[in-house]
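Peer 1: Let me give you the structure first, and then I'll get to my questions.
The values are calculated or read from the model by the stated rules, or taken from the named source; none is laboratory data. It should be emphasised that the depicted structure is a prediction, and the values quoted were computed from it without experimental measurement. Cβ coordinates were reconstructed from backbone atoms using ideal geometry, including for glycine residues, and neighbour counts include every protein chain displayed. Just so you know, the surface numbers come from the protein's heavy atoms only, side chains and all, with ligands and any DNA or RNA stripped out. Shrake-Rupley method; radii C 1.70, N 1.55, O 1.52, S 1.80 Å.
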Amino acid sequence: MIENEVNEAGKRGLMSFNHIIGQEAAKQLLQNALRKNAVSHAYLFSGPAGAGQLQTALVFAKALFCTEL
C-alpha cells in the first residue's frame, strides 16, 4: 500500500510545501527548521489516513537533500 503511494508520488513528481493543503503549523515548523539549519534527528508524521503524512514527509525529505535552490 505505501509502495503504491510512493510510486504514485514519484510519477506525479514531488511537490513543494506550497502544494500541501492544510497542515499549516506542521509545514511552518518544518520550513523554519530547514531555514535555520536546525533539523531535528527525527520527526513523527502521524494522523488519520489521508491527512497528508506521506506527502509531507516526502516533500520534507526532498528539501533536506536538495542541492540546488
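Peer 1: Which residue pairs have Cβ atoms under 9 Å apart, sit 6 or more places apart or on different chains, and have a first residue in the range 28-49 that is within 17 Å of LYS62 (Cβ to Cβ) and in contact (Cβ under 8 Å) with a residue 12 or more places away in the chain and a second that is in a helix (DSSP H, G or I) and of a type in the set (S, T, N, Q)?
Peer 2: Taking only residues 6 or more apart or on different chains, the pairs are LEU30/THR56; PHE45/GLN53; PHE45/THR56.
Peer 1: Search the range 51-69 for residues that are in contact (Cβ under 8 Å) with a residue 12 or more places away in the chain and pair each with any residue that is open to solvent by 80 Å² or more (accessible area, probe 1.4 Å) and polar (S, T, N, Q) when their beta-carbon atoms are under 6 Å apart and the residues are at least 6 apart or on different chains.
Peer 2: Once the first residue is in contact (Cβ under 8 Å) with a residue 12 or more places away in the chain and sits in the range 51-69, its partners that are open to solvent by 80 Å² or more (accessible area, probe 1.4 Å) and polar (S, T, N, Q) give GLY52/GLN23.
Peer 1: If you scan the range 25-54, which residues turn out to be part of a helix (DSSP H, G or I) and open to solvent by 60 Å² or more (accessible area, probe 1.4 Å)?
Peer 2: Within the range 25-54, ALA25, GLN28, LEU29, ARG35 qualify.
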